[in-house]
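Reviewing the structure listed below.
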Amino acid sequence: MEQDYVEPYCQWKREKGYDAIDIELHGFNIDDVKVALKQIEGKYMISIMAEDPRCLHKRIEIPNGIYNLEQIRALFGNGKLNIELPKKVESNKLEILMPKLEFKKILKEDMKNKFISAVECLYANGKIPAFGFMLIASGLFAYKNYIQCYGI
C-alpha cells in the first residue's frame, strides 16, 4: 500500500507579543499529529508529522534569538494546527556601569579640589575681580556640561 504525501497550507501571522503559524490539517485526527521542537545543526526547527492513509512531514525553521522557545504552544482543533511563538521581551532598563560612575566621581572630586585651590590662591593674592570671573566661568562650564549630558 502506497501512501500519499501531503503538503499542508501554512500561514505565518505576526502579532505584537508573539507570532503564530496556522497549518491546515483537514482529515487528520489529534492522535495522528506529532509536533516537536528540534535542534538540527545549530538551528531550531519545528517538525510536524502526521500519518493516516496520507503522510505529512513539514519542518519550519525558527530564527535564533527572537522567540522564547520554552513557551512555544501548539493547539489542534477543527482540522487546524496553530503554533504560537512568544517573542522574547526586550528590557527597557538601562544598565549603569559602576566604573563609569566611579570615574565621574573621581573627576568631579578632582575638579572640585582644583577649583577650591584656585579660589584660595586668588583670594589670598587679593585678586577679587579674578575670583568673580572664576565664579562666572565655573557657572558657564557647569551649564555647558549640563546641556551636553541631558541634551537640552
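Pairwise Cα distances in the stretch 10-89 exceed 17 Å in 44 percent of cases. Determine, from the Cβ-Cβ distance of L140 and E70 and an R0 of 35 Å, the FRET efficiency 1/(1 + (r/R0)^6), rounded to the nearest 0.05. So, using R0 = 35 Å, E works out to roughly 0.05.
Taking every protein chain into account, the accessible area of the stretch 10-89 amounts to 63 square angstrom per residue (probe 1.4 Å).
Near the amide H of Y67, within less than 5 Å, lie the amide hydrogens of K88, all on another chain or at least 5 residues away, with H placed in the peptide plane.
The values are calculated or read from the model by the stated rules, or taken from the named source; none is laboratory data. If you're wondering where the values come from, they're calculated on a predicted model, not measured in any experiment. We place every Cβ from the backbone using ideal geometry, glycine too, and count neighbours over all the protein chains shown. Ligands, DNA and RNA are excluded from the accessible area calculation, which covers all protein heavy atoms including side chains. Shrake-Rupley method; radii C 1.70, N 1.55, O 1.52, S 1.80 Å.
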